[in-house]
Amino acid sequence: MSHKSVNVQRRQMVLGGTAAAAAGLLPSVGLAADAVKVGLIVPMSGPFASTGRQIDAAVKLYQKQHGDTVAGRKVHVILKDDGGVAPDVTKRIAQELVTREGVQVLAGFGLTPLAFAAAPVATQSRTPMVVMAAATSVIPRRSPYIVRTGFTLPQVTAPLAEWAFKDGIGSAITFVSDYGPGIDAEKVFVKRFTEAGGKVVDSIRTPLLNPDYAPFLKRVKDTRPQALFVFVPSGEGASVLKQFNERGLSADGIRLICTGDVLDDDLMVSIGPVSEGVVSSHHYSAAHDSPENKTYVEAFGRDNGGRRPNFHSVGGYDGMHLLYEALKKTNGDANGDKLLAAMKGMSWTSVRGPVTLDTETRDIIQDVYIRRSEKVDGQMWNVEFDKIEQFKDPGV
Ligand code: PHB
């Protein structure tokens, strides 16, 4: 069957043939079907716009470097801004992309609730959904059509909890944004740190939107643990770090440790020296020492006014790689089930290091690094000093 007739059938399945004809959609199918259409839904505005900007820039860079045609088919990316905070908006955009624009792949998803909202659309329309950013462990279980090219919070938190106890930290408070990934991070930190022999003396959850960290940091200051473990989504880290210092918690000798979301490379320059010495764990640092990453950071900076790529950009870049390689395997056939089968189990050398898309969980297996924020050539960088190789999402 040709790509064109597959597309017509699929669209009729979603809309119903009559509705599609009435909407005047069918005549456009012939031309449009020549390209594989990817609906990229990310926050390009609102509080999480940096996630969208980073992913969009990485997707553009991937296509610039690898061309916009693969296995004889053009890959046409349709960028949609969902504003980052309203799941119903993300869901509606996903539905429209599948039914009206005829996309064969959904991608992006800046935050967990937005990935949850789109998952049923992927399932119903049998459309592969490449989650590039959202990082709550359970996400791929919400649809058999989800694959994830970013990371999970349990995956990066477990190694840090164990490292912290080994490094002499005996008591800690957890401090997380009160939603999916934060709760994952809290649960896993408490479990692993306690199992290692440490004691978690308090667990604090802060609001995701418009948080005022002051009263929570006061609570930490009064309790005086040896360390504060922090997860906030990318974009929020600068204010937590600044207030941690301004309120004297650092001067009191409390150590801040965190996932790499807090020391987002997009923000490292503006955070500045207050991050010095902070130890964090993550799957990607712009300072990662490899030839692939050196090329990536240089090219990304060149195209984006000197900006550093962050971990979300790498989820986007690798998401495109996964799609391109899958299309090569299917000889350009963008049938959802065939693409998904081609994606499962794929391994490649990412700019973050070696990765594999787990055949069963559809999550990424990767090295997790322990890093320390240091000044290098006048700027702060997350310098990797230890790694846990090929670590799978351990779940919560
Ligand atoms: C998420 O909502 O899943 C999320 C967003 C930003 C992060 C991590 C997780 O940095």
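The values are calculated or read from the model by the stated rules, or taken from the named source; none is laboratory data. Small disclaimer: the values here were computed from a predicted structure and weren't measured. Please note: Cβ atoms are built from the backbone with ideal geometry, for glycine as well, and neighbour counts cover all protein chains shown. When the accessible area is computed, the model is the full protein with side chains, heavy atoms only, and any ligands, DNA or RNA have been set aside. Shrake-Rupley method; radii C 1.70, N 1.55, O 1.52, S 1.80 Å.
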*From the backbone phi of the range 310-317, what are the Karplus-calculated ³J(HN,Hα) couplings (6.51 cos²θ - 1.76 cosθ + 1.60, θ = phi - 60°) in whole Hz, Gly and Pro given as x?*
10, 5, 5, 4, 5, x, x, 4
*For the chain, find the longest principal axis of its Cα atoms and tell me its angle to the long axis of helix 112-125, 0 to 90°, nearest 10.*
20
*What pairs from LYS187/LYS329; LYS338/LYS392; LYS187/LYS338 go past 29 Å between their alpha carbons?*
LYS187/LYS329; LYS187/LYS338
*Vicinal HN-Hα couplings computed from phi for the range 89-95 (Karplus, 6.51 cos²θ - 1.76 cosθ + 1.60; Hz; Gly/Pro x)*: 5, 4, 5, 5, 4, 4, 4
*Which cross-chain or sequence-distant (5 or more) residues have an amide H under 5 Å from the amide H of LYS199, H modelled 1.01 Å from N in plane?*
SER171, ALA172
*Report, as a whole number in µm² per second, the diffusion coefficient that Stokes-Einstein gives for the range 93-143 at 10 °C and 1.306 mPa s using the Kirkwood radius over alpha carbon pairs.*
147
*Which whole-number value in Å³ per residue fits the convex hull of the alpha carbons of the chain?*
122
*What order do GLU246, GLU292 take when sorted by accessible area (1.4 Å probe), most exposed first?*
GLU246, GLU292
*Tell me, what ³J(HN,Hα) does each residue in the range 361-372 have, in order and in whole Hz, if you take phi through Karplus 6.51 cos²θ - 1.76 cosθ + 1.60 with θ = phi - 60° and put x for Gly and Pro?*
8, 6, 9, 8, 9, 7, 6, 10, 10, 9, 10, 10
_Helix 180-196 axis, angle to the chain major axis (alpha carbon atoms, nearest 10°)_ = 50
*Starting from the Kirkwood radius over alpha-carbon pairs of the range 218-302, derive D by Stokes-Einstein at 20 °C in a medium of 1.002 mPa s and give it in µm² s⁻¹.*
154
*Would you mind giving the average projected area, over all directions, of the Cα convex hull of the range 109-170 in nm² with one decimal?*
4.6
_So for the range 316-362, considering every pair of alpha-carbon atoms, how many percent are separated by more than 15 Å?_
40
_Under 5 Å, built H, 5+ apart or other chain: amide partners of THR69_ = VAL75
*When ligands, DNA and RNA are left out and all protein chains stay put, how many square angstrom of accessible area per residue does the chain have with a 1.4 Å probe?*
38
*Plugging the Kirkwood radius over Cα pairs into Stokes-Einstein for the range 284-377, at a temperature of 25 °C and a viscosity of 0.890 mPa s, what D comes out in µm²/s?*
167
_Of ILE254, GLY52, SER281, which is farthest towards the positive pole of the chain's charge dipole, taken about the Cα centre with +1 and -1 on the beta-carbons of Lys, Arg and Asp, Glu respectively?_
GLY52
*Give me the accessible area of HIS76, 1.4 Å probe, in Å² rounded to the nearest 10.*
90
*Quote the FRET efficiency, to the nearest 0.05, computed for SER45 versus ASP68 with a Förster distance R0 of 41 Å and r equal to the Cβ-Cβ distance.*
0.95
*the range 294-364, relative contact order [Cα under 8 Å, separation at least 6], %*: 19
*Multiply the residue gap between ASN210 and SER290 by 0.36 nm, knock off their C-alpha separation, and tell me the result in nm, one decimal place.*
25.0 nm
*Label-point separation, ALA299 to VAL383 (7 Å along Cα→Cβ), nm*: 2.8
*Inverse of mean 1/r across different Cα pairs in the range 30-78, Kirkwood, Å*: 11.9
*Taking all protein chains as present, what is the carbon and sulfur share of the accessible area of the chain, in % to the nearest whole number, probe 1.4 Å?*
51
*For the peptides 273-282, 46-55, 104-113, what is the packing order when you average, over each peptide's residues, the other Cβ atoms within 10 Å and list the highest mean first?*
104-113, 46-55, 273-282
*What size of dipole, in debye to the nearest 20, comes out for the chain about its Cα centre when the only charges are +1 on Lys and Arg C-beta atoms and -1 on Asp and Glu C-beta atoms?*
840
*Quick one: divide the alpha-carbon radius of gyration of the range 124-258 by 2.2 N^0.38 Å and tell me what you get.*
1.14
